[in-house]
Amino acid sequence: MDELNQALITINECLLAIGKRLEALESYVAELPTPDKTLYRPTGYDEYMNIKGNYDEIYRRIGELEEKVNGM
């Protein structure tokens, strides 16, 4: 019976340790920046943009450059 009690205590300690690690992991993941929270202000702009806004601006500029190159 002592061995069973010790095994249950050990399993309980392992579960508590896993619970603490999971809690720390959940806290860390909750604080990770999402694309909406990742902001960047391109040169020449007064306001910051999220990733989508920046990609849109990059592709707009690439489009302008392609028009200039292909239009020549």
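Tabulated values for the structure
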item: Residue match in region 41-64 (condition: acidic (Asp, Glu) and in contact with a strand residue (DSSP E or B) (Cβ under 9 Å, 6 or more places away or on another chain)); result: yes
item: Pairs with Cβ under 7 Å, 6+ apart, first in region 28-40 and among the aliphatic types (A, V, I, L, M), second not in a strand (DSSP E or B); result: Leu39/Tyr48; Leu39/Asn50
item: Identity of the residue in region 1-34, under 13 Å from the mean Cα position of the chain (by Cα) and not in a helix (DSSP H, G or I), that ends up farthest from Lys52 (Cα to Cα); result: Leu32
item: In region 47-56, residue surrounded by the most Cβ atoms within 10 Å (Cβ to Cβ) [restricted to those that are in a helix (DSSP H, G or I) and more than 15 Å from the chain's Cα centre (by Cα)]; result: Asn54
item: Flag if Gly44 is in a helix (DSSP H, G or I) and small (Gly, Ala, Ser); result: no
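No value in this document is a laboratory result; all are computed from the given coordinates. Please read all numbers here as calculations on a predicted model, not as lab measurements. Neighbour counts are summed over all protein chains in view; Cβ atoms, including those assigned to glycine, are modelled from backbone coordinates with ideal geometry.
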